[in-house]
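Below is one structure, written out as structure tokens, with a few remarks after it.
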Amino acid sequence: MESKIGVFLCNCGGVINNIDFDAAVKKVTKFPGVTCVNLSSNLCLEEGREKMISCIREENIERVVATCSPEFNEHIFREVLEKAGLNGHLLSMANIREQCSWAHDGNVTMKAVELVKMAINRVWLLQPIEKKELPVSREVLVVGGGFTAISTALQLSRVGLRTTLLEKEAVLGTRAEELESFYGFDTSAMISSVEGDENVEVLTSAEMTEVVGKIGDFSVRIRKGEEEIFRKYGAIILATGYQTELALAPEPRLRAEEEAIYGINIVSQEQFCSMLRNSSLETQPKTIGFMFDFSDGNSRFPTLATLNNALAAKKKWGSEIYVFYKSVKVDSEGMEKLYQEARNCGVVFIKSDITPRITGESGRVTIEAKDVFLGEDIMVACDVLVAEELYLPGEGTEKLSSLLNIRVDSRSFYQDENVHLYPVTSEKKGIFLIGECRGDLDLGRVLTDISSVVMNVHGLLSLGQIQVEVERVKADPQKCVTCLTCIRVCPHGAIQLIRADNSKEVAGISDLACDACGICAAICPARAIKFQGYRDEEILAQIEAIGESLNGHIVAFCCEHSAYPAADLAGRLRLHYPENLRIIRVPCAGQVDVFHILKAFEHGAATVLVLGCEDGACHHITGNTRAKERVRYCNMLLKEAKVDGRPVAMYNLSPNAPHKFVRAVNEITKIIEEYGR
Amino acid sequence: MIIAERKPMEEIKQLMSPYKKVLVAGCGTCVTVCWVGGEKEVAVLASQIKLARSADGNEITTLEATVERQCEKEMVTEIKDKVAEVEAVLSLACGSGVQTMAEMFEDKPVFPAVNTTFIGMPEKEGLWVEMCGACGDCFLDRTGGICPIVRCAKGLLNGPCGGTRRGGKCEIDPEKDCAWVLIYRRLEKQGRLDLMREYYSPKNFRAVKRPGKVQAVKA
């Protein structure tokens with residue numbers, strides 16, 4: 001059964017001047033299934049959209065091909081289709097502007113027509129995707145009892161969302177004293193207002209023991225003493241903070257009888273804070289030493305604490321203060337000023353490349369270091385040494401991360417350096433990470449996190465329902481062999497076993513939790529998982545269309561989060577690359593299947609490029625590393641088949657790296673040219 | 001579950017060399033689960049053969065089919081029309097599936113494209129380990145549910161041998177755990193260490209009748 005296809009070409013107000021549109025219209029009209037071809041100069045503007053709607057209605061168009069970059073206009077044209085009474089997903093786009101006209105010199109009419117042909121081949125196969133409202137719980141669980149957690153609960157309460165504050169300690173705000181002395185916050189007022197808030201339930205001495213479910217519907221088991229509590233939450237926010245540990249070099253050790261001075265002569269920042277607050281201190285320290293930035297270079301917090309405490313001590317006791325450091329890093333708001341103020345007050349800063357030697361003698365602490373500027377050894381005897389501190393993830397971070405199945409970074413803080421997750425989201429929809437549990441954030445950054453998470457959660461849960469696309473990615477229960485592969489590989493934890501129609505257990509993909517990456521579809525050994533819009537048929541239709549008109553071309557599978565926008569940007573900057581490159585847009589490099597690549601070779605491709613996000617910054621966490629593995633495997637298969645000399649290449653790039661995109665294309669082109677000789 | 005490994009392309013190409021049209025037949029059970037012979041691998045292998053033959057300038061046509069269990073005659077019959085169209089069948093099923101196909105389509109050569117390797121389980125995504133040697137005389141009751149016949153490199157019934165390495169690793173492969181250390185620890189947890197003192201006489205593998213047959217007691 002053939003559908004009526006409407007093709008809408010646009011010359012973008014005449015900007016596209018190296019395509020002969022009259023010739024293109026004539027050619028496209030002849031393609032099978034095409035009912036009408038329209039040429040517009042402003043398809044995305046109101047006038048163009050109105051014309052599109054009336055054309056769809058008058059000609060009874062069932063599927064639409066439009067030309068422009070999907071990055072900009074796919075959502076606009078989907079709306080147009082919906083207004084015209086079609087399902088928005090029966091649309092395929094041919095990017096004849098950025099990836100054709102602007103990317104090449106000279107007349108590119110042929111390529112434009114071929115790109116339209118690719119889109120026509122694909123649009124035939126597309127299937128409608130319906131939308132549905134799914135109910136979600138409006139309750140939020142905030143784990144943690146510090147400033148970040150309390151502020152979040154208060155702000156969520158203000159926007160009308162009920163919150164449970166889950167703290168493992170017996171009281172809230174155990175670290176609040178530090179904030180009071182640094183920033184002058186009245187934390188006790190905050191604690192009493194959160195305890196009195198009717199939208200906030202405070203559970204202290206309690207911890208989470210089990211979590212199942214997904215965004216909008218998490219079932220959480222909480223243990224509070226002997227009591228077990230079951231609750232449902234729409235979202236979970238982790239604000240579990242940090243802990244500190246003294247970072248004294250193990251050698252040389254203080255002699256045994258002098259170890260007692262820990263806590264008296266060698267103190268932590270927190271202990272020093274309480275010394276400062278103690279008005280009945282017997283003897284005020286005359287000489288004080290501080291140390292930071294010798295251990296792991298993550299010294300934002302230790303520096304901030306040192307500057308604050310050194311200034312306070314100078315003001316209160318007028319002590320002599322020596323600060324030993326490797327580097328002063330003043331990347332927080334107001335920190336540079338604080339540093340200047342400390343210097344002006346007479347705090348002495350001593351830069352040393354090696355960790356100072358600390359020894360204790362007759363109740364005093366001696367610090368020996370090599371001053372970088374003087375080039376001389378320096379020795380200071382202090383009454384008190386505020387030792388360097390390591391900032392570590394809060395206690396229990398490891399347990400929570402395995403409970404929720406969330407990854408941690410190399411320092412075991414939540415959320416690694418993935419730009420797609422910044423600032424507060426995790427790889428699991430509905431689980432958020434805020435404040436110091438993500439690393440040593442200063443107050444400004446913490447406040448941004450809080451606002452950010454409140455907006456996110458409010459947007460998700462405030463209506464009590466979320467609109468989802470139904471079965472966009474689905475495992476066919478007839479074909480699923482219950483091998484569990486998809487469940488093991490899904491980076492978003494969106495797949496679990498379900499019993500479809502009371503028959504055997506099969507993979508069930510949650511429409512709510514699925515982030516539409518297609519990693520599962522590419523790995524499913526039974527080819528049971530179908531990702532609408534990127535099914536095998538739809539990818540192969542494009543590969544076939546390319547093969548019909550070209551030979552010895554390059555097929556580039558471009559991730560829509562990185563390489564595709566990079567290619568668009570290359571066009572916008574008029575960076576040129578060879579015309580025989582054909583781009584197939586995919587939701588993630590991890591969606592590219594080995595057999596799609598082999599098919600491209602079968603249809604005459606000289607080679608294939610797989611382009612995904614930068615290492616460690618994959619929108620779908622593991623997609624780019626899986627793609628790299630698959631490319632390696634694919635090259636092994638090609639070598640076995642004696643198709644060698646032109647291996648598949650994988651490049652990692654970010655969406656703002658058009659030059660890298662062009663470099664990748666040029667490099668591979670050179671390889672192909674050399675192979676051809 | 002039965003675990004298998006793909007044969008090298010060179011060997012498969014050799015097998016296919018006299019033919020111009022073949023059926024690549026997958027199996028939807030064990031070999032699908034271990035990523036070697038399901039619908040996906042059928043597509044990959046079909047594509048790879050075509051590329052290989054095309055590189056040799058000797059094109060080949062492939063048909064593809066995957067049945068739920070190639071070791072069931074009734075299920076194999078479902079693809080008889082496709083078999084009729086081709087000169088030979090390349091099966092991605094275990095040895096049992098290949099033989100069922102061969103028996104059902106006696107006039108067509110049926111070739112194995114995989115080596116059936118062992119009975120095992122997935123240790124993690126994409127990694128399968130051997131668990132059972134199908135010896136026909138199960139011993140697991142005495143060894144805390146750990147089979148020394150396949151998990152001990154020497155298949156010792158009375159272990160461990162003298163070569164256990166530090167940390168309970170095997171002397172033959174330091175990457176692998178010593179099965180007898182695992183057995184000891186498991187029995188220790190269950191308070192059944194007395195079993196370690198028992199002596200077990202050698203199994204009489206020669207007594208296993210080939211070919212094996214199992215008759216269900218109930219009809």
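Residue-by-condition table, conditions (1) buried (at least 24 other Cβ atoms within 10 Å of the Cβ); (2) outside the structural domain of residue A:670 (by TED's automatic domain parsing):
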{"residue": "A:512", "(1), (2)": "no, yes"}
{"residue": "A:517", "(1), (2)": "yes, yes"}
{"residue": "A:522", "(1), (2)": "yes, yes"}
{"residue": "A:541", "(1), (2)": "no, no"}
{"residue": "A:544", "(1), (2)": "no, no"}
{"residue": "A:550", "(1), (2)": "no, no"}
{"residue": "A:554", "(1), (2)": "yes, no"}
{"residue": "A:560", "(1), (2)": "no, no"}
{"residue": "A:572", "(1), (2)": "no, no"}
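All of (1) surrounded by 21 or more Cβ atoms within 10 Å (Cβ to Cβ); (2) assigned to a strand (DSSP E or B) hold for residue A:366 with one exception: (1).
Scan the range B:51-75 for residues that are touching a strand residue (DSSP E or B) at 6+ places or on another chain (Cβ under 6 Å) and over 19 Å from residue A:478 (Cβ atoms) and jot them down. Answer for the range B:51-75, where residues must be touching a strand residue (DSSP E or B) at 6+ places or on another chain (Cβ under 6 Å) and over 19 Å from residue A:478 (Cβ atoms): B:61, B:62, B:63.
Scanning the range A:493-518 for residues that are more than 12 Å from residue A:474 (Cα to Cα) and of a type in the set (Val, Ile, Thr) returns a single hit, A:498.
When you go through A:465, A:415 one by one, which is the residue that is modelled with pLDDT under 95, in contact with a Pro (Cβ under 6 Å, 6 or more places away or on another chain) and more than 14 Å from every other protein chain (Cβ to nearest Cβ)?
Result: A:465 is the single residue among A:465, A:415 that is modelled with pLDDT under 95, in contact with a Pro (Cβ under 6 Å, 6 or more places away or on another chain) and more than 14 Å from every other protein chain (Cβ to nearest Cβ).
Checking B:98, B:42, B:31 one by one, the residue that is closer than 20 Å to residue A:527 by Cα, free of Cβ contacts under 8 Å to residues at least 60 places away in the same chain and not small (Gly, Ala, Ser) is B:42 and no other.
If you take the residues of the range B:69-97 that are part of a strand (DSSP E or B) and not β-branched (Val, Ile, Thr), which of them is farthest from the other protein chains (Cβ to nearest Cβ)?
As a first pass, look at the range B:69-97 and keep what is part of a strand (DSSP E or B): B:88-91.
Pick out the ones that are also not β-branched (Val, Ile, Thr) and you get B:88, B:90-91.
On the way: B:88: 19, B:90: 15, B:91: 16 Å.
Applying the filter and picking the extreme gives B:88.
Please work out if residue A:155 is closer than 30 Å to residue A:62 by Cβ and among the polar types (S, T, N, Q). It is false that residue A:155 is closer than 30 Å to residue A:62 by Cβ and among the polar types (S, T, N, Q). Checking each residue in the range B:25-50 for being of a type outside the set (Val, Ile, Thr), within 18 Å of the chain's Cα centre (by Cα) and more than 7 Å from chain A (Cβ to nearest Cβ) picks out B:25, B:26, B:27, B:30, B:34, B:37. Just checking, does the range B:140-155 include any residue being surrounded by fewer than 16 Cβ atoms within 10 Å (Cβ to Cβ), within 14 Å of chain A (Cβ to nearest Cβ), of a type outside the set (Asp, Glu) and in a loop (DSSP other than H, G, I, E, B)? No, there is no match, as no residue in the range B:140-155 is surrounded by fewer than 16 Cβ atoms within 10 Å (Cβ to Cβ), within 14 Å of chain A (Cβ to nearest Cβ), of a type outside the set (Asp, Glu) and in a loop (DSSP other than H, G, I, E, B). Residues satisfying the criterion are absent from the range A:124-139 (criterion: assigned to a helix (DSSP H, G or I) and modelled with pLDDT under 95).
Of the residues that sit in the range A:331-361 and are hydrophobic (A, V, I, L, M, F, W, C) and within 40 Å of the chain's Cα centre (by Cα), which one is nearest to residue A:319 (Cα to Cα)?
Initially, the range A:331-361 is screened for residues hydrophobic (A, V, I, L, M, F, W, C), giving A:335, A:338, A:342, A:345, A:347-350, A:354, A:358.
Cutting the leftovers down to within 40 Å of the chain's Cα centre (by Cα) gives us A:335, A:338, A:342, A:349-350, A:354.
Details: A:335: 22, A:338: 18, A:342: 13, A:349: 14, A:350: 16, A:354: 26 Å.
The qualifying residue nearest to residue A:319 (Cα to Cα) is A:342.
Consider the range B:53-77 and keep the residues that are charged (D, E, K, R) and more than 24 Å from the chain's Cα centre (by Cα). The one that is surrounded by the most Cβ atoms within 10 Å (Cβ to Cβ) is B:53.
In the range A:624-651, which residue that is of a type outside the set (A, V, I, L, M) and in contact with a strand residue (DSSP E or B) (Cβ under 6 Å, 6 or more places away or on another chain) is nearest to residue A:488 (Cα to Cα)? Before you say what the answer is, go through the steps one by one.
So in the range A:624-651, the residues of a type outside the set (A, V, I, L, M) come out as A:624-626, A:628-630, A:632-635, A:639-640, A:642, A:644-647, A:651.
Within this subset, residues satisfying the condition of being in contact with a strand residue (DSSP E or B) (Cβ under 6 Å, 6 or more places away or on another chain) are A:624, A:628, A:646, A:651.
Working: A:624: 17, A:628: 18, A:646: 33, A:651: 25 Å.
Residue satisfying both the conditions and the ranking: A:624.
So in the range A:636-657, with the set limited to residues that are more than 11 Å from chain B (Cβ to nearest Cβ) and surrounded by 20 or more Cβ atoms within 10 Å (Cβ to Cβ), which one is modelled with the lowest pLDDT? Even if it seems obvious, please write down each step before you answer.
Residues of the range A:636-657 that are more than 11 Å from chain B (Cβ to nearest Cβ), as a first pass: A:646-657.
Okay, now just the ones that are also surrounded by 20 or more Cβ atoms within 10 Å (Cβ to Cβ), so A:646, A:648, A:650-653, A:655, A:657.
Details: A:646: 92, A:648: 96, A:650: 97, A:651: 97, A:652: 97, A:653: 96, A:655: 95, A:657: 96.
Applying the filter and picking the extreme gives A:646.
Scan the range A:585-606 for residues that are of a type in the set (Gly, Ala, Ser) and surrounded by fewer than 24 Cβ atoms within 10 Å (Cβ to Cβ) and the total you get is 2.
The residues of the range A:607-635 that are within 13 Å of chain B (Cβ to nearest Cβ), surrounded by fewer than 22 Cβ atoms within 10 Å (Cβ to Cβ) and closer than 30 Å to residue B:54 by Cα, listed by number, are A:629, A:633, A:635.
Checked against (1) in contact with a strand residue (DSSP E or B) (Cβ under 9 Å, 6 or more places away or on another chain); (2) closer than 30 Å to residue B:172 by Cα; (3) surrounded by 19 or more Cβ atoms within 10 Å (Cβ to Cβ); (4) in contact (Cβ under 8 Å) with a residue 40 or more places away in the chain, residue B:92 passes all but condition (2). Any chance the range B:51-68 includes a residue that's within 11 Å of chain A (Cβ to nearest Cβ), touching a Leu at 6+ places or on another chain (Cβ under 6 Å) and free of Cβ contacts under 8 Å to residues at least 24 places away in the same chain? No.
Results for (1) closer than 25 Å to residue A:98 by Cα; (2) in contact with a helix residue (DSSP H, G or I) (Cβ under 9 Å, 6 or more places away or on another chain); (3) surrounded by fewer than 16 Cβ atoms within 10 Å (Cβ to Cβ), shown as yes or no for each residue.
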{"residue": "A:32", "(1), (2), (3)": "no, yes, yes"}
{"residue": "A:42", "(1), (2), (3)": "yes, yes, yes"}
{"residue": "A:54", "(1), (2), (3)": "no, no, yes"}
{"residue": "A:64", "(1), (2), (3)": "yes, yes, no"}
{"residue": "A:68", "(1), (2), (3)": "yes, yes, no"}
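Of the residues making up the range B:43-56, just one is modelled with pLDDT under 95 and either part of a loop (DSSP other than H, G, I, E, B) or touching a helix residue (DSSP H, G or I) at 6+ places or on another chain (Cβ under 6 Å) (or both), namely B:56.
Candidates A:458, A:492, A:420: the one that is more than 14 Å from chain B (Cβ to nearest Cβ) and closer than 21 Å to residue B:124 by Cα is A:492.
The values are calculated or read from the model by the stated rules, or taken from the named source; none is laboratory data. Since this is a predicted model, take the numbers as computed values, not measurements. Every residue, glycine among them, receives a Cβ derived from its backbone with ideal geometry; neighbour counts consider all protein chains shown.
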